Amino acid sequence: MKTLVEYIKEACEEGKCASSKSLSFNFAGCEGTEDFLKSVKETAEKDDVDVEVEDDKVKVSLKKDSVDDAEGLFELIQDFVHLRGKDQKRASDEAYAQKIAKLEKALDDWREFVDDTKVSDEGGEDKKEDKKDDKKEEE
């Protein structure tokens, strides 16, 4: 039986792994959103991440080869969402709780994309090492 890592490596070798991902976050109704969105813009510019901010919505476009550049932005958004998840309002307002759950789901998707990218990169380096070993054996 294959492990999950082996399955992901094989899928990426066959080209089934996505090379980019677009994530949307809607922060409407959250406290402190205005200052937070300014921080998102600043962080995105500093880290050179493709981000669109419109009203209370943020759209992040990730590329497989630049996921590490977006780590600071991920942490910023993650901290904001986790802080909002601890709000008393989440316990008393079902619509707000669902909004926070959607934000957490988008963060999970982001983390999965980064993890899949790292696993596929590790698989690619293993292949490079195997090819080097094969060349050495031929000599």
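The values are calculated or read from the model by the stated rules, or taken from the named source; none is laboratory data. The model shown is predicted, which means the values in this text are computed figures rather than measured ones. Using ideal geometry, Cβ is built from the backbone for each residue, glycine included, and neighbour counts are taken over all protein chains shown.
Per the listing K38, K46, the residue uniquely modelled with pLDDT of 90 or more, part of a helix (DSSP H, G or I) and exposed (fewer than 15 other Cβ atoms within 10 Å of the Cβ) is K38. Residues of segment 6-28 that are farther than 15 Å from K64 by Cα, modelled with pLDDT under 80 and outside any helix (DSSP H, G or I): E14 alone. Checked against the criterion of being in contact (Cβ under 8 Å) with a residue 60 or more places away in the chain and more than 18 Å from the chain's Cα centre (by Cα), segment 66-84 contains not a single residue that satisfies it.
When A101 is tested against (1) out of contact with any strand residue (DSSP E or B) (no Cβ under 9 Å at 6 or more places or on another chain); (2) at pLDDT 90 or above; (3) surrounded by 15 or more Cβ atoms within 10 Å (Cβ to Cβ); (4) not acidic (D, E), only condition (3) is not met.
Scanning segment 86-98 for residues that are small (G, A, S) and either exposed (fewer than 14 other Cβ atoms within 10 Å of the Cβ) or in contact (Cβ under 8 Å) with a residue 40 or more places away in the chain (or both) turns up A91, S92, A95. Scanning segment 41-84 for residues that are among the aliphatic types (A, V, I, L, M), closer than 17 Å to K102 by Cβ and touching a Leu at 6+ places or on another chain (Cβ under 9 Å) yields V58, V60, I77, V81.
Annotation note: of E31, E104, E112, the sole residue that is touching a helix residue (DSSP H, G or I) at 6+ places or on another chain (Cβ under 8 Å), in a helix (DSSP H, G or I) and among the acidic types (D, E) is E104.
Checking each residue in segment 41-65 for being within 11 Å of the chain's Cα centre (by Cα) and among the polar types (S, T, N, Q) picks out only S61.
Among the residues of segment 99-115, those identified as within 15 Å of K59 (Cβ to Cβ) and touching a residue at least 40 places away in the same chain (Cβ under 8 Å) are K102, L103, A106, D109, W110, F113.
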